[in-house]
Amino acid sequence: MSTGTESEVEPELTQPASGTDEAELEALLGDRAIAREEHLNAPGFVINPNDVQAVLSDLRDEAGYDHLSCVTAQQYEDRYESIYHLKKFADPTDELSIVVPTTTENPVSQSAEPVFRTADWHEREAYDLIGVEYEGHPDLRRILLPETWQGHPLSKDYDQEKPQLVTLTEHQNPIQPDHREADSDTMFLNIGPHHPATHGVLHVETVLDGETVADVEPDIGYLHRCEEQMCQSGTYRHQIMPYPDRWDYVSAGLLNEWAYARAIEDLADVEVPEYAQVIRTMGAELCRIASHMLALGTFALDVYGEFTATFMYTFRDREVIQDLLEDLTGQRMMFNYFRVGGVAWDLPEPREEFFAQARDFLDELPAKVAEYHDLITGNEIFQTRCIDTGVLEPDVAKSYGCTGPVVRGSGVDYDLRRDDPYGYYDQLDWDVITRDGCDNYARVLCRMEEVEESAKIIEQCLDLLEEWPEDERDVQANVPRTLKPDADTEIYRAVEGAKGELGIYIRSDGTDKPGRFKIRSPCFSNLQALAEMSEGEYIPDLIASLGSLDIVLGEVDR
Amino acid sequence: MNAATTTPLQSDVLLPERLGDLTGLNEFGLAGELLSTLIGAVIVGSLILAMTAVAGPWAKRKITASFTDRISINQIGPAGIGIIIADAVRMLSKENIIPENADRPAYDLAPIVIVGSALLGFAVIPMGSGIQLADPEVGLAFAFAVAGIASIGLVMAGYSSGNKYSLLGGLRAVAQNVAYEIPLVVTGMSVVLFAGSLQMSTIVEAQAEPLVDLGVVAIPQWYALVNPFAFVLFLIANFAEVGRNPFDMPEAPAELVAGYQTEYSSVYFVLVYLGEFLHIFLGGAIISTIFLGGPAGPGPAALGIVWFTLKIWGVFFLTQWLRSAVPRVRIDQLIEIGWKGLLVLSFANLGLTAAIVGVIA
Amino acid sequence: MIGVLKSMATTMKHALDGSTFTVEYPSTAPDVSPRFRGVHKFSQERCIWCRQCENVCPNDTIQIVMDDKRNGEQYNLHIGQCIYCRLCEEVCPVDAILLTQNFEFTGDTKHDLVYNKEELKSVPWYKDIDPLESREPDRGAWIGEGDGEVDYQ
């Protein structure tokens, strides 16, 4: 469980940790660091493409950078570049960027997969979209785009106008008989992309030995909508903000918007009025409750099967939140409520009515949570199904870069709201929930308790908003009509989304649109751990584990 | 106790015979007997099918909706009851899509086996008001036997569909039926020990005797009251046998898409779907007969069929209740509960009952 | 076993209290909040053809055609492509384009969802809510202009 020490040290570390141990890091890296770079969030070291594994494992083992948060690849005029955004689970403000440039002619760089398991998918994505090749990667295939795709869409020489025509004969024939390994004892089973339990269009290639799962490989990309590219062609000021709602589209819109808002506000140095921060905090926590309700309901579907009471009850409660959010933002899911430097609107008039509705919801919540405990977690059959299934050990979870309720259910005390404070969280009284079970049950309980913590936060926000002096209710800072951050400023900023750490990397190129916009999706990293959790267990456990990860394919595929 | 004095309508004369008397068909010897049996079977069959028609498209939705705080069907007819006709038209007019890889005769036969096995079981059930087609001395064994045939239908459906999910569902059905058939029959045996007969009518009559006489009301000697332990065991085994929550392994929506019935559409789907309800009702009918006094209830004996229907619907309602409230167990847990739990308990129950009956006797 | 019974009791409680939270949609029109963003309504009277809405639109939903004297000729909006972000309303200096609360619209093909300025003009108000007034009461409302609901010109 929590060691408690981070939270005590934390106030001194609110500054970006550029000053911490740079001398030590320099000593550790020695002459492997060929140059220095400065990102707004972290110091950067440029290293040779052949030193990636050595540098990252030294940093992990000796300097404590045990969280490979994200891998960003991009192409400049003269080079390709991979950036490894490193953090510490114990203190996510202590960040470090490892920049690995490669030549345009020969974009080959050493893979980080042997050091951090999470690099597997991240590097595949970089290869798929940018075209950087990773030497020593166990399985460097395309991940988001089809195998037959021509070119790498985010590279400089890619022709976006050219249609991608792949004939059926060139492609794998979907209806040809498939007798792979006909004499083996195992059975290959496609779970998805059309299957009731995959929570969207996910394809899980499963090999079964009887009812036991022998091998699992999630195949993603069915819902890839070029979100990064779309953000790269929108202006910072207005046109990017509507899109984060569509990453994790089920309920968590405001949390996603905050990820972009935080990145751009730090990049463009915009100060957000405190009043707006309180509204943001309240809205984001409402979204978190809605999202966790949905997670609970769909998990119940996976374990119960069919339309169960739990699913409808969670939807009933989520509906109340959606009504509140509709009053606040004007839309039930695609909010577009945050603006750079604040929020679009003040609370709806009459304010008393909004407060009353919100407080009614909060008053009823404990009874509802108690009902869920009666209905779900107290049920012995539910317990036999969930306890000790889908086990995810803390070390494995860290190596896969799991975050959010998934890693907190494995006993890792990591929550960006507290550890890397933003918004109004650090001035409110609430707790980070962790659970030691490492299993499906722990993750469910973790979410249910987080709902109660979110309710606490909302309650405090409501108190603050009610008493806020009328003449200080600034909902937006004075932001220029066009934002043009200095060229080649780079920033990686993350917030605690409903599913975990949702990070945005932006490199500005001096125009009013980002030069590179990279989304670090929590679901993407969490989903990687599925194989680790379900191999050797039964099919029902695979389905339950998938449900307990609470993925949204819109965010996985982006 | 003499049967004739308690329920004259019930067991003395079977439905075909009475029909024969009424219509005068008895005069025509064997042919007439056959014809009157056929008419009786049609009456009973229609009754049961009418019940499933109400249960499948309408009652199931209404019950689930009330558990989940929804409104559900209410547009056609009072309380939406007209949906039965609408659904029938809709399902029957759909294209019957048969997968290319289907193993034809088996694929076509499976729905018939599933439905037929359940309907056969009703032949020996005394439904009160004189409705019983046959009353062989091995009635209970017959009911168990034909109900067990359903699992062959499930395997056929699962195997012949040429779909891996169906196959998994079919295999689960076998494992499950083998594991739960034995506890089911063994627990049923404990009732036979009480009644001293396998004949359905005798079992029903034996339950008519009062257990406790409170003066105003006499609580009858229903075996659910005499041996509640056996009743609970039988209920659980029955849920597994008919594949309902928490034991809906062969179907397992969400895991196996829809299990053995994944590839069925149109008429075949209707049959498979009705088959499920028929089996729930057959399970309910057996439970009512051997544990709940069959058609017994207050009021004149002619009301027997009403009481009997209510009891069956009670069991059906329980399945729907569990469906909305109880998670599904895992296949290995299901087998474990069956072999290590229910089987042992059912034998213990049998032994205990035998000892008690022996001592009393 | 206690837990199983408890869950059964919980669902039974819901079955017995008889309350429902779903609505019969077509017969009971749902209440939408004043800020809700539905189909657009456009007023040629107010529009000054500054093209700000066209510029701010994140996915090129709005298309404006002007003649060589910068007089507006066409104002087309693809309501099937629109993501209802309300940025056009936000940047409009004269409140010429509004998002009404109306969310009920259909089309047989996606081309039916391309609205020109006449179609945009005749989009009905939903339950007579004037979005402008309910969102920002200090700005002039649309309803009340002219005689009828739609007849603001």
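The values are calculated or read from the model by the stated rules, or taken from the named source; none is laboratory data. Note that this is a predicted model, so its numbers are computed, not measured. Note that we place each Cβ from the backbone using ideal geometry, even for glycine, and neighbour counts take in every protein chain shown.
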| query | On the given criteria, is A:ASP327 within 13 Å of chain C (Cβ to nearest Cβ), over 24 Å from the mean Cα position of the chain (by Cα) and within 24 Å of A:GLN476 (Cβ to Cβ)? | reply | yes
| What tally of residues in the range A:208-260 results from selecting those that are on the phi > 0 side of the Ramachandran plot and free of Cβ contacts under 8 Å to residues at least 24 places away in the same chain? | 1
| Residue that is farthest from the other protein chains (Cβ to nearest Cβ), among those in the range C:87-111 that are in contact with a Gly (Cβ under 7 Å, 6 or more places away or on another chain) and buried (at least 18 other Cβ atoms within 10 Å of the Cβ) | C:ASN102
| Any idea which of B:ILE131, B:ILE85, B:ILE97, B:ILE112 is hydrophobic (A, V, I, L, M, F, W, C) and modelled with pLDDT under 85? | B:ILE131
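Let's see how each residue does on (1) buried (at least 24 other Cβ atoms within 10 Å of the Cβ); (2) in contact with a Gly (Cβ under 9 Å, 6 or more places away or on another chain):
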{"residue": "A:VAL270", "(1), (2)": "no, yes"}
{"residue": "A:TYR275", "(1), (2)": "no, yes"}
{"residue": "A:GLU285", "(1), (2)": "yes, no"}
{"residue": "A:ASP302", "(1), (2)": "yes, yes"}
| query | When you go through A:PHE354, A:PHE361 one by one, which is the residue that is assigned to a helix (DSSP H, G or I), among the hydrophobic types (A, V, I, L, M, F, W, C), in contact with a Pro (Cβ under 6 Å, 6 or more places away or on another chain) and in contact (Cβ under 8 Å) with a residue 24 or more places away in the chain? | reply | A:PHE354
| remark: By residue number, the members of the range B:57-76 that are surrounded by 20 or more Cβ atoms within 10 Å (Cβ to Cβ) and either in contact with a Leu (Cβ under 7 Å, 6 or more places away or on another chain) or small (Gly, Ala, Ser) (or both) are B:ALA59, B:ALA65, B:SER66
| message | Which of the helices (runs of 4 or more DSSP H) found entirely inside the range A:516-558 contain at least 3 residues meeting this: under 24 Å from B:ARG328 (Cβ atoms) and out of contact with any His (no Cβ under 9 Å at 6 or more places or on another chain)? | response | A:530-534, A:539-549
| remark: Among residues of the range B:287-333 being within 14 Å of chain C (Cβ to nearest Cβ) and not in a helix (DSSP H, G or I), the residue surrounded by the most Cβ atoms within 10 Å (Cβ to Cβ) is B:ARG328
| Residue identified as more than 26 Å from A:MET293 (Cβ to Cβ), touching a residue at least 12 places away in the same chain (Cβ under 8 Å) and not in a loop (DSSP other than H, G, I, E, B) among A:ARG481, A:ARG493, A:ARG418 | A:ARG493
| query | Just to be sure, is C:TYR126 aromatic (Phe, Trp, Tyr) and within 25 Å of A:PHE338 (Cα to Cα)? | reply | no
| Residue in the range A:455-476 that is in contact with a strand residue (DSSP E or B) (Cβ under 6 Å, 6 or more places away or on another chain) and either surrounded by fewer than 23 Cβ atoms within 10 Å (Cβ to Cβ) or part of a loop (DSSP other than H, G, I, E, B) (or both) present | yes
| query | For residues in the range C:1-33 being facing another protein chain (nearest Cβ under 7 Å) and part of a loop (DSSP other than H, G, I, E, B), which is surrounded by the most Cβ atoms within 10 Å (Cβ to Cβ)? | reply | C:SER33
| remark: Residue set A:TYR260, A:TYR236, A:TYR243; condition closer than 23 Å to C:VAL91 by Cα, within 14 Å of another protein chain (Cβ to nearest Cβ), buried (at least 24 other Cβ atoms within 10 Å of the Cβ) and touching a strand residue (DSSP E or B) at 6+ places or on another chain (Cβ under 6 Å); output residue A:TYR260
| message | Taking the conditions exactly as written (part of a loop (DSSP other than H, G, I, E, B) and loosely packed, with under 14 Cβ neighbours inside 10 Å), does B:ILE97 satisfy them or not? | response | yes
| remark: Filter the range B:246-267 for residues that are of a type outside the set (D, E, K, R) and within 7 Å of chain A (Cβ to nearest Cβ); the one that is surrounded by the fewest Cβ atoms within 10 Å (Cβ to Cβ) is B:PRO253
| remark: For C:CYS82, the lone unmet condition from (1) assigned to a loop (DSSP other than H, G, I, E, B); (2) more than 10 Å from chain A (Cβ to nearest Cβ); (3) surrounded by fewer than 20 Cβ atoms within 10 Å (Cβ to Cβ) is (3)
| Identity of the residue in the range A:291-305, of a type in the set (Gly, Ala, Ser) and more than 10 Å from chain B (Cβ to nearest Cβ), that ends up farthest from A:GLU450 (Cα to Cα) | A:GLY297
| request: Given the conditions (1) over 29 Å from A:HIS85 (Cα atoms); (2) surrounded by fewer than 19 Cβ atoms within 10 Å (Cβ to Cβ); (3) touching a Lys or Arg at 6+ places or on another chain (Cβ under 8 Å), report the number of the one that A:ASP426 does not fulfil. | output: (1)
| request: Take the residues in the range A:27-63 that are touching an Asp or Glu at 6+ places or on another chain (Cβ under 8 Å) and small (Gly, Ala, Ser), then tell me which one is farthest from A:ASP509 (Cα to Cα). | output: A:ALA63
| Tally, over the range C:41-65, of residues that are within 18 Å of the chain's Cα centre (by Cα) and within 14 Å of chain A (Cβ to nearest Cβ) | 9
